[in-house]
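Student: I have a structure here, written as structure tokens, and I will follow up with some questions on it.
The values are calculated or read from the model by the stated rules, or taken from the named source; none is laboratory data. Small disclaimer: the values here were computed from a predicted structure and weren't measured. Note that we place each Cβ from the backbone using ideal geometry, even for glycine, and neighbour counts take in every protein chain shown.
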Amino acid sequence: MSAGRRGLGGGLLRFNGAVVLAFLYAPIILLVVFSFSASRLPGQWGGFTTEWYQTLFDDSRIQRTIWVSLRVALVSTVISTVLGTMSALALERFRFRGRRVFDALLYLPIIIPDVTMAVMMLMFFTQAFDLLEVVFGLGLSKGFATIIVSHVAFNIAFVSVVVRARVAGMDATLEQAAADLYASRWQTFRYVTLPLIAPGVLGGALLAITLSLDDVVVTQFVAGPGSTTLPVYVFSLIRKGVTPTINAVSVIMLVASLILVAGSVALQRASAARGRQRLQTTGGIQ
Amino acid sequence: MSDATLEQSRRALGEAERQRERSERRRGFILALPSFAYMVIFFAIPLVIVLVYSFATRTSTGSTALSDWNLDAYRKLGEPIVRNVVVRSVILALITTLVCLVVAYPFAWFCATRSALTRNLLLVAVMIPFWTNFLVRNYAWRILLSAGGPISSFTEAIGLGETNILFTKTAVVIGLVYAYLPFMILPLYASIDRLDRRLVEASSDLYASGPQTFRRVVLPLTMPGVIAGSILVFVPSMGAYVTPELLGGGKETLLGSYIVTQFLTARNWPVGASLSFVLMAVMLVSTIIYFRSGGKNL
């Protein structure tokens, strides 16, 4: 709008823009700065040190929780990416009985509050374990598996939304062309559909990893004594009181999530460029 | 070709078509089945269990008796303690939504009126903090607001005295705004970007003042974005748990924390379950409002 560029209005817009960006980035930047501060108080500058990172690398408890987090994130991401992609293709490409119910069911985990989801999973596992014990005499308890099952339960929906957007934007006639050229269903999927939706699948997988590594509330409810993830452990530490070591752990988590964002942006760009190139040179199919 | 054979081959074609369609349907169903089954077992059934529990009775030992069904847990919502928690959560979520709206609207407008390059950079800049770890973002504010921390030192240095807002409602609102601001900016940006600028020009050609144009033309046309953003901020703020725990210090109990307490310490599962359902109801009603107001996918 013209008013946006002139005089007082434009100046105020610029000022607001600068304030918003400062508000978004200042906390993150200051956190990184303070993680190198020698002061024992985590919010004060006391000269440069890498001591806190050293204590972090010597802390076996933290390292154990990092491994739990990574294993949970990897396993739950693989499962939810496969299931989410399958459901995206089914919903976008086919009509079948129960399609609308399935579609609605897949929206719920996206909008449901964390706390409600956590309560649901806790009650479900408690009930299911009681039942299994009575019927089969199995003595199951919460742990690694329950965390993975819960993470997959919310991640399928997110992967499915991301992949669906990609499938919807894809030209269906390419698949028909492959079928006309006597490609089997599997060949059509492997050589036509999958390469075309790959950026969406990767984007969905990265979102799933991020959400899995982010989750505190659900995991806190379904984790067993020996299977605490890093965010749950750090959350319990912060509630006891802040220390410079937590600053250092936080920066590690921050860097991990930034690598994931950068990865997702780079992958999307690269595959978009490759897709264009391939379509130009070979018409898409090898 | 005689009419009879024509009719016959037409029928055969129709039959083949129907058969093809049936097999397509079956194929789609089989493709959806694994995740459908997963969502039913690990999402729909848990949801039903929560509903069932909300009608159950808490025994004196803190376990739950699944027999004597009643509405006690819902009646408890009318008691002052629970009512206060709910009212406080609604007020804080409303304040958070309003602050986000006031800050995000001009920012979204600013983005939408830049060149393509600047606009993309700004949007990426908004998305990056959203992708970074949620716990870390809350923790950063804990450090910033701590006594003797950077913000306090800053206000002291410019002569405003120490600020001590950690563990207050203000700190919780700051944390929530920080966490959910991108949810407000993105839908607002989308609807401002779609706005036909010629309507704004037409309005000023017809001698409408700036505020008049905004109130009568711009705001109504960008209302879908306002509603979508408000819901996307209000709903998670209502159920927030991590932010009030870390920045409110557990002093200002909000709905999310209260529910968690009912499960992990107070062991009153029916009350926890009924409150979770209230939270879900808020979410569902908001979503329906959103779709009714002409919104598309969330």
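Student: Within the bounds of segment B:97-117, is there any residue that is at pLDDT below 90, in contact with a Gly (Cβ under 7 Å, 6 or more places away or on another chain), closer than 30 Å to A:Gly10 by Cα and more than 9 Å from every other protein chain (Cβ to nearest Cβ)?
Tutor: So far as segment B:97-117 goes, no, none of its residues is at pLDDT below 90, in contact with a Gly (Cβ under 7 Å, 6 or more places away or on another chain), closer than 30 Å to A:Gly10 by Cα and more than 9 Å from every other protein chain (Cβ to nearest Cβ).
Student: If you scan segment A:112-149, which residues turn out to be among the polar types (S, T, N, Q) and more than 7 Å from every other protein chain (Cβ to nearest Cβ)?
Tutor: The answer is A:Thr126, A:Ser141, A:Thr146.
Student: Okay, next question. Are any of the residues in segment A:198-215 touching an Asp or Glu at 6+ places or on another chain (Cβ under 9 Å) and surrounded by 23 or more Cβ atoms within 10 Å (Cβ to Cβ)?
Tutor: Let us first name the residues in segment A:198-215 that are touching an Asp or Glu at 6+ places or on another chain (Cβ under 9 Å), namely A:215.
Restricting the remaining residues to those that are surrounded by 23 or more Cβ atoms within 10 Å (Cβ to Cβ) gives A:215.
Yes: segment A:198-215 contains one or more residues that are touching an Asp or Glu at 6+ places or on another chain (Cβ under 9 Å) and surrounded by 23 or more Cβ atoms within 10 Å (Cβ to Cβ).
Student: Let me ask something else about it. Do we have A:Arg99 as more than 26 Å from B:Phe277 (Cα to Cα), assigned by TED's automatic domain parsing to the domain that holds A:Val217 and at pLDDT 85 or above here?
Tutor: So A:Arg99 does not fit the description; no.
Student: Right, here's the next one. If you take the residues in segment B:127-141 that are more than 17 Å from A:Val249 (Cα to Cα) and more than 7 Å from chain A (Cβ to nearest Cβ), which one is farthest from the chain's Cα centre (by Cα)?
Tutor: Taking the candidates together, the pick is B:Met127.
Student: Only one of these is out of contact with any helix residue (DSSP H, G or I) (no Cβ under 6 Å at 6 or more places or on another chain) and among the β-branched types (Val, Ile, Thr): A:Thr55, A:Thr50, A:Thr85, A:Thr65. Name it.
Tutor: Answer to the check: A:Thr50.
Student: Mind listing whichever residues of segment A:127-182 are out of contact with any Pro (no Cβ under 8 Å at 6 or more places or on another chain), buried (at least 16 other Cβ atoms within 10 Å of the Cβ) and among the β-branched types (Val, Ile, Thr)?
Tutor: If the condition is that a residue be out of contact with any Pro (no Cβ under 8 Å at 6 or more places or on another chain), buried (at least 16 other Cβ atoms within 10 Å of the Cβ) and among the β-branched types (Val, Ile, Thr), then A:Thr146, A:Ile147, A:Ile148, A:Val149, A:Val152, A:Val159, A:Val161, A:Val162, A:Val163, A:Val167 are the ones that fit.
Student: Next up: Pull up segment A:173-211, narrow it to residues that are of a type in the set (Ser, Thr, Tyr) and in a helix (DSSP H, G or I), then point me to the one that is farthest from A:Leu267 (Cα to Cα).
Tutor: Filtering segment A:173-211 for residues that are of a type in the set (Ser, Thr, Tyr) and in a helix (DSSP H, G or I), the one farthest from A:Leu267 (Cα to Cα) comes out as A:Thr173.
Student: Any residue that is at the interface with chain B (Cβ under 8 Å from one of its Cβ atoms) and either within 24 Å of A:Phe154 (Cβ to Cβ) or outside any helix (DSSP H, G or I) (or both) - is there at least one of those in segment A:48-69? Let's see the steps before the verdict.
Tutor: Taking segment A:48-69 as the starting set, the residues that turn out to be at the interface with chain B (Cβ under 8 Å from one of its Cβ atoms) are none.
Checked against the condition, which is being at the interface with chain B (Cβ under 8 Å from one of its Cβ atoms) and either within 24 Å of A:Phe154 (Cβ to Cβ) or outside any helix (DSSP H, G or I) (or both), segment A:48-69 yields no hits at all.
Student: Criterion first (outside any helix (DSSP H, G or I), assigned by TED's automatic domain parsing to the domain that holds A:Val217 and either aromatic (Phe, Trp, Tyr) or under 18 Å from B:Met39 (Cβ atoms) (or both)) does A:Tyr107 satisfy it?
Tutor: On the way: outside any helix (DSSP H, G or I): no; assigned by TED's automatic domain parsing to the domain that holds A:Val217: yes; either aromatic (Phe, Trp, Tyr) or under 18 Å from B:Met39 (Cβ atoms) (or both): yes.
Answer is no for this residue.
Student: Moving on. Considering every residue within segment B:55-62, establish whether at least one is of a type outside the set (Asp, Glu) and touching an Asp or Glu at 6+ places or on another chain (Cβ under 6 Å).
Tutor: yes
Student: Got a sec? Which of A:Arg40, A:Arg64, A:Arg14 is assigned by TED's automatic domain parsing to the domain that holds A:Pro225 and of a type outside the set (Gly, Ala, Ser)?
Tutor: Numbers: A:Arg40 fails: assigned by TED's automatic domain parsing to the domain that holds A:Pro225; A:Arg14 fails: assigned by TED's automatic domain parsing to the domain that holds A:Pro225.
Criteria check complete, one pass: A:Arg64.
Student: How many residues does segment A:34-44 hold that are within 9 Å of chain B (Cβ to nearest Cβ) and modelled with pLDDT of 85 or more? Walk me through it before giving the result.
Tutor: First pass over segment A:34-44, keeping only residues within 9 Å of chain B (Cβ to nearest Cβ): A:34, A:41-44.
After this cut, where a residue has to be modelled with pLDDT of 85 or more as well, the list is A:34.
Number of matching residues: 1.
Student: Here's another thing I want to ask about it. Quick check on segment B:155-165. Is at least one of its residues within 12 Å of chain A (Cβ to nearest Cβ) and out of contact with any Pro (no Cβ under 7 Å at 6 or more places or on another chain)?
Tutor: Within segment B:155-165 (the criterion being within 12 Å of chain A (Cβ to nearest Cβ) and out of contact with any Pro (no Cβ under 7 Å at 6 or more places or on another chain)), the answer is no, since none of the residues qualifies.
Student: Please specify each residue of segment B:166-208 satisfying the condition of being of a type in the set (S, T, N, Q) and within 11 Å of chain A (Cβ to nearest Cβ).
Tutor: B:Ser203, B:Ser204
Student: Sticking with this one: What pairs come out if I take residues in segment A:32-56 that are over 14 Å from A:Ile252 (Cα atoms) and pair them with residues that are of a type in the set (Val, Ile, Thr) whose C-beta lies under 6 Å away, six or more apart or interchain?
Tutor: Matching pairs, first to second residue: A:Ala38/A:Thr49; A:Pro42/A:Val242; A:Pro42/B:Ile143; A:Gly43/B:Ile143.
Student: If B:Gly249 satisfies every condition in (1) surrounded by fewer than 19 Cβ atoms within 10 Å (Cβ to Cβ); (2) within 12 Å of chain A (Cβ to nearest Cβ); (3) assigned to a helix (DSSP H, G or I) but one, which is the exception?
Tutor: Here B:Gly249 clears every test but (3).
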